[in-house]
Amino acid sequence: MSRLIQFNAAARAKLAELHSAALNASFDRTKYGSASEIGGCARKATLNVTNPPFFTDKQQMVFERGHVFETVVEGYLQVQGFTKIAPEGFPAAKGPCYVGGAGKQLSLIHPEYPVGCNIDFAVKHKDGNLFVIETKTTDGIPDEPYGSWVEQLHTQIGLLHLAYPEAEIRGSILARDLNKGMEREFNGYSYNEQLFEYVLGKGVHIALAKHGEIRPSATPGPLCGFCDHRKGCPAHQGAQPLPHEVTTHVEKLIALNEQKKRIETELEQVKNELLYYTGERSFRGEAEEVALVVTKVEDSMTVDGPKLKKEYPDIYGEVTKKKSGFVKVEAKRLPSSASAALQKAA
Ligand code: SF4
């Protein structure tokens, strides 16, 4: 590993420590349910405390994407005339201003329940009304915001409403695919008493589970594949109900596979049409803007692996090498309950 890469990795580890220390300084995450956990899985949030995951340097680099985007959004706010304020100065500050981005974010805790949040950006307008921006970086922007994002935002807006009951508060989720240069705002969120009660209930559940008073519920979601506590998770034993977001992706995969099959059939038909013209021989032809190249590959010999292994095991051991494994993803349509019943009856 080059010296600069080593230097960067060490710096990344230090910055990650500083970042989590800053988050924990605002409220004790080992005892509270936080907004970012409320939208996710209570079992994961609890086990993250009792059995903290180790993040590799590669994972830390992925986390850095989020910080990079926060710096970008902060630049946008500043160039548009919003002044950066320290969290403690925010209540008295006159708008347009904001708190958040690089450095300290606005942290809020519920006056009665063990629930808290940090806010990426709390913006104050000239008239004193407030606006919450929750930033997200993704590989591909979903058509609809994930439920976990929305619940996180409702927790932040609700806690902000308790602190600033007179202000009108709105909120948006700003999602950016940094690689593709695509950005999308999911907007129109405001204080909603019923929703706030619902997310508060989830936060209290997480806090009680962290205290060891109840067993946390396992809520499967799109990020289960990255969860460090998947082993032994009750939500992944046997055929489990899929969460809505994951079902959407399964349906997309099925539709794309069907489209791929149709295209492959069409490709085969067109190739056959061309072979009627060229015959099954090597050929090259050109028109004004296109070329057709047909290459005949002659029959060849191949090794019969199972036979080699059975009859010449010594040689087999010498000429074979390890092949990397891979993860296979399959999506298929299940027979509808009606057709399943018919199949059973037949
Ligand atoms: S695998 Fe999914 S459901 Fe299980 S603990 Fe992790 S996030 Fe929760």
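Restricting the chymotrypsin sites (Phe, Trp or Tyr not before Pro) of the range 251-334 to loop positions (DSSP other than H, G, I, E, B) with no more than 11 neighbouring Cβ atoms within 10 Å leaves Phe326. Quick one: net charge of Val293's neighbours, Cβ under 10 Å, K/R +1, D/E -1? Summing Lys/Arg as +1 and Asp/Glu as -1 gives 0.
Panel note: the C-alpha atoms of the range 93-169, placed on their principal axes, show extents of 37, 31, 25 Å (largest first). Dipole size of the range 3-223 about its Cα centre, with +1 on Lys/Arg Cβ and -1 on Asp/Glu Cβ: approximately 680 debye, rounded to the nearest 20. Exposure proxy for Met301, Met61: other Cβ atoms within 10 Å of each Cβ, ordered fewest to most, give Met301, Met61. Computed on the range 3-223, with alpha-carbon pairs under 8 angstrom and 6+ residues apart, the relative contact order is 25 percent.
Between 0 and 90 degrees, the angle of helix 244-278 with respect to the longest Cα principal axis of the chain falls at about 30 degrees. In this structure, the residue pairs whose Cα-Cα separation is over 32 Å, taken from Lys180/Lys260; Lys307/Lys332; Lys252/Lys307; Lys14/Lys44, are Lys307/Lys332; Lys252/Lys307.
The sum of -39500 (n - 2.57) across all DSSP H runs of n ≥ 4, divided by the residue count of the chain, sets its helix-only mean residue ellipticity at 222 nm to -14500 deg cm²/dmol.
Prolate is the label for the chain, because a/c, from the alpha-carbon gyration tensor with a ≥ b ≥ c as root eigenvalues, is 1.5 or above and a/b exceeds b/c.
Ordering Asp139, Asp177 from the fewest to the most neighbouring beta carbons within 10 Å gives Asp139, Asp177.
Computed from point charges on the beta carbon alone (+1 for Lys and Arg, -1 for Asp and Glu), the dipole magnitude for the range 95-206 about its Cα centre is near 340 Debye.
Sorted into 10 angstrom bins from 0, the C-alpha pair distances of the range 81-240 split as 9, 32, 35, 19, 4, 0 percent.
If you bin the C-alpha pair distances of the range 153-225 every 5 Å from 0, what whole percents do you get? For the range 153-225, the pair-distance distribution reads 3, 13, 15, 16, 18, 16, 12, 6, 1, 0.
Where a number appears in this text, it was derived from the coordinates with a stated rule and is not lab data. Every value quoted in this text rests on a predicted model; they were computed, and no experiment measured them. When we count neighbours, we look across all protein chains shown, and the Cβ atoms used for this are built from the backbone with ideal geometry, even at glycine.
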